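Report on the structure given below.
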Amino acid sequence: MPRIARTLGLACGLLGGLVASQAPEYAQQYRQRLGGAADELRRVVERFEQDAQAAGQSREGAIGRLNENHDDLIRRQGDAMRANIERLDRLERQRQAFQAAGPFQRLAVLAQDFDREIARAAFRDYEPAVPTTTEGFATAGAGFLAGWGLARLIGVPLRRLFFRRRRPQAA
């Protein structure tokens, strides 16, 4: 039975390593989507600012003017533009945090503050990759150790429960 336990521990370790090695690749695909979303939102906001300036308004003044309008559709456009500006600010802050972070810190940046829409889209289109970076190898190793360790922790009580050595009874 110890051979089965070792094999199971190795399999769990390999599975943990495989899964963990994908975290840096997912983070990289997320960062690409983050950049694309921020670039597109910036284009929308800049266009709005140009239109506001052409009408003799500041960005905030134009949004206020939209929000004061009696037409519900136009008021909603003001709310939508304010939401676009706020989201752009959040995405830019996160983009800067990624740029300032080192390889391993990027995973923490992603875990701490992510945009749900971008995260869902990145997960939906995610394509696994072979880890070829130090970060990928390190997370694979950590995942292996976590999987192997978990299998060992689960295995100890199971071995005691199912594979108790029977002591010969005295006659």
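Restricting 110, 14, 91, 66 to residues that are open to solvent by 80 Å² or more (accessible area, probe 1.4 Å) and either under 21 Å from the mean Cα position of the chain (by Cα) or of a type in the set (A, V, I, L, M, F, W, C) (or both) narrows the list to 14. All of (1) open to solvent by 20 Å² or more (accessible area, probe 1.4 Å); (2) within 30 Å of residue 134 (Cα to Cα); (3) under 27 Å from the mean Cα position of the chain (by Cα); (4) not aromatic (Phe, Trp, Tyr) hold for residue 44 with one exception: (2). For first residues located in segment 4-22 and closer than 9 Å to residue 143 by Cα, partners that are of a type in the set (Val, Ile, Thr) and lie 6+ apart or on another chain with Cβ distances below 9 Å form the pairs 17/139; 20/139; 21/130; 21/139. Just for segment 69-88: of the residues that are among the charged types (D, E, K, R) and under 34 Å from the mean Cα position of the chain (by Cα), which one is least open to solvent (accessible area, probe 1.4 Å)? In this case the residue turns out to be 87. Tell me yes or no: at least one residue of segment 8-24 is part of a helix (DSSP H, G or I), modelled with pLDDT of 75 or more, under 26 Å from residue 107 (Cα atoms) and polar (S, T, N, Q). No, because not a single residue in segment 8-24 is part of a helix (DSSP H, G or I), modelled with pLDDT of 75 or more, under 26 Å from residue 107 (Cα atoms) and polar (S, T, N, Q). Here residue 127 fulfils each of the conditions (1) open to solvent by less than 100 Å² (accessible area, probe 1.4 Å); (2) in contact with a helix residue (DSSP H, G or I) (Cβ under 8 Å, 6 or more places away or on another chain); (3) not small (Gly, Ala, Ser) apart from (1).
Confirm whether residue 102 is open to solvent by less than 30 Å² (accessible area, probe 1.4 Å), without any contact (Cβ under 8 Å) to a residue 40 or more places away in the chain and outside any helix (DSSP H, G or I). Yes, satisfied.
Suppose the filter is without any contact (Cβ under 8 Å) to a residue 40 or more places away in the chain and among the basic types (Lys, Arg); does residue 90 pass it? It is true that residue 90 is without any contact (Cβ under 8 Å) to a residue 40 or more places away in the chain and among the basic types (Lys, Arg).
The values are calculated or read from the model by the stated rules, or taken from the named source; none is laboratory data. Bear in mind the structure is a predicted one, so any value in this text is a computation, not a measurement. Glycine gets a Cβ as well: all are built from the backbone with ideal geometry, and neighbour counts include every protein chain shown. To get the accessible areas, we keep the full protein, side chains included, count just its heavy atoms, and leave off ligands, DNA and RNA. Shrake-Rupley method; radii C 1.70, N 1.55, O 1.52, S 1.80 Å.
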